[in-house]
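The structure appears below as structure tokens.
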Amino acid sequence: MQLPFVFKTLTLLGFFLSIPLSMVTSLQVVADTSSVATKADKPQRLKLTLSGHTEPVRALALAPNGQLLASGSDDKTIKLWNPKTGALLRTLTGHKEQIKSIVITPDAQTLISTSFDNTIKFWNTQTGEQIRTIGEKTGVRAMLLTPDGQTLISGSGDTTIKFRNLKTRKIDRILKVEATALAISRDGKTLYSGGETGGKIRVWNMLTGKELRSFTPPLPKKEELITGSEKASSPITLAVSNDGKMLLSGGYDDSFQSAGVRTTDGKSFKAWNLNTGKLIHNFSLGSSIDALVISPDSKTFVSGGLGRSIIVRDIITGKSVLELIGHGGGIYGLALSSDGQTLYSGSGDKSVKVWQIKP
């Protein structure tokens, strides 16, 4: 039964033996590498994972000089890291509830934090010493520093925005408006606030404290309504581009909810052209958005929310240009290096990750 197979084998062998040796040695073997991935084809984006928090990381801040990274967590602590090596420098303890937000002064000497314990705390970043505490009975819902580091701006639960002079320790100005999110222009001349029903965003002159204009998202189309009462969600986070041309807003997304529960238009991401005043993006990124950062060159942005992957998107088209996968929980804090090459992310998986997003 096996003779035909043996016969064919011997015949083929005889054929190859009949080929002159010179022809055999001149044949070249070419390897098919089309399906072999190389490191050059897919660079390793994840550079470091910083572990130490025992609860989700909600806030991140990178010192302007890029030498200090701070993370705030539900574990009521703030950790200071060397962003280059990932070494833990010190842990700041003193807040009695979860950390809400953190900022670092331009000289990197002072860190300012807010918590659900209704306080604002000031810390010496070199020693970890708590310098000062300010009580806010109604809590702080948003906070930022002016680019010169001289004024702390906070949105409080009493529907006010307060301007605190860090040298005199006095409140220079109070704006009577609700603010759950704040952003400031690179030159420090214009403030953006959001938090009112319907997703309204106000634009303020920092010098005079006067309102310059406002942006209000359109109501959902009739065919998109379920209960008939849906409105645009209030901003959770705002970001303005360095070139002053774009304002991004991230909010709550309850599009997955059924009738009777849903209250928003389900479009968690909005982008405004500040030159024309037009709304150029109004769609969902798949979940609520808790953090937004725009690249220094104003060409891309990164958003963070309940989704576990991080996606870098083109700011004009909104299309994905890079996806970063590695976190095991939602993304709640984001920070970018001044050169736009390194991204830092804080997650519900209790970790901080360092990514290289540009060569």
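So how much accessible area does residue 191 have, in Å² to the nearest 10, using a 1.4 Å probe?
My reading of the accessible area for residue 191 is about 0 Å².
How compact and how long is region 210-359, expressed as Rg and Dmax of its alpha-carbon atoms in Å?
Radius of gyration, then largest Cα-Cα span, for region 210-359: 15.8, 49 Å.
Determine how large the accessible area of residue 332 is when every protein chain is in place; take a 1.4 Å probe and give Å² rounded to the nearest 10.
40
When you take every Cα atom in region 64-123, what is the radius of gyration, and what is Dmax, the widest Cα pair distance, in Å?
11.2, 33
Relative contact order, percent, of region 238-331 when contacts are C-alpha pairs under 8 Å separated by at least 6 residues? Please report the intermediate quantities before stating the final value.
Values: 218 pairs, mean separation 19.9, N = 94.
The normalised contact order for region 238-331 reaches 21 percent.
For residue 167 and residue 109, what is the calculated FRET efficiency with R₀ set at 22 Å and r taken between the beta-carbons, to the nearest 0.05? Show your work: numbers first, answer last.
Numbers: r = 14 Å, r/R0 = 0.63.
Once the sixth-power term is evaluated, E becomes 0.95.
In whole percent, and with a 1.4 Å probe on the protein chains, what portion of the accessible area of region 45-204 is carbon and sulfur?
Working: 3050 of 6850 Å².
Result for region 45-204: 45 percent of the exposed heavy-atom area is carbon or sulfur.
Please compute the net charge surrounding residue 334, taking Lys and Arg as +1 and Asp and Glu as -1 over other residues with Cβ under 12 Å from its Cβ.
Numbers: positive: 58, 353; negative: 290.
Here the charged neighbours net out to +1.
Cα convex hull of region 268-317: mean projected area in nm², to one decimal?
So the mean shadow area of the Cα hull is 3.6 nm².
Express the C-alpha Rg of region 129-173 as a ratio against the empirical globular expectation 2.2 N^0.38 Å, rounded to two decimals.
So the Cα radius of gyration is 1.14 times the expected 2.2 N^0.38 Å.
Would you please report the Å³ per residue occupied by the convex hull of the alpha carbon atoms in region 283-359? Numbers along the way, then the final one.
Details: hull volume 6.1 nm³, N = 77.
Per residue, the Cα convex hull of region 283-359 comes to 79 Å³.
Which net charge results for the neighbourhood of residue 150, defined as the other residues with beta-carbon distances under 15 angstrom from its beta-carbon, given Lys and Arg at +1 and Asp and Glu at -1?
Details: positive: 162, 164, 167, 169, 170, 173, 189; negative: 107, 148, 172, 187.
That works out to +3.
Taking only protein heavy atoms into account and a 1.4 Å probe, give the accessible area per residue of region 97-193 in Å². Write down the numbers at each step before the final one.
On the way: 4280 Å² over 97 residues.
For region 97-193, the solvent-accessible area averages 44 Å² per residue.
Give me the percent relative contact order of region 166-317, please, defined on Cα pairs under 8 angstrom at least 6 residues apart. Let's see the in-between values first.
Values: 354 pairs, mean separation 23.6, N = 152.
Here the relative contact order equals 16 percent.
Per residue, how much accessible area does region 251-359 show when a 1.4 Å probe rolls over the protein heavy atoms, in square angstrom?
On the way: 4420 Å² over 109 residues.
So region 251-359 comes to 41 Å² accessible per residue, rounded to a whole number.
What list of whole percents do you get for P(r) of region 92-171, with Cα-Cα distances grouped in 10 Å bins up to the one holding the largest distance?
19, 56, 24, 1
Just to verify a number: what accessible area does residue 187 come out at with the full protein assembly present, 1.4 Å probe, Å² rounded to tens?
Solvent-accessible area, nearest 10 Å²: 100 Å².
The values are calculated or read from the model by the stated rules, or taken from the named source; none is laboratory data. Since the structure is predicted, the reported quantities are computational estimates derived from the model, not experimental observations. Counting neighbours? That spans all protein chains shown, and the Cβs are built from the backbone with ideal geometry, glycine included. Accessible surface is based on the protein model in full, side chains and every heavy atom, while ligands, DNA and RNA are left aside. Shrake-Rupley method; radii C 1.70, N 1.55, O 1.52, S 1.80 Å.
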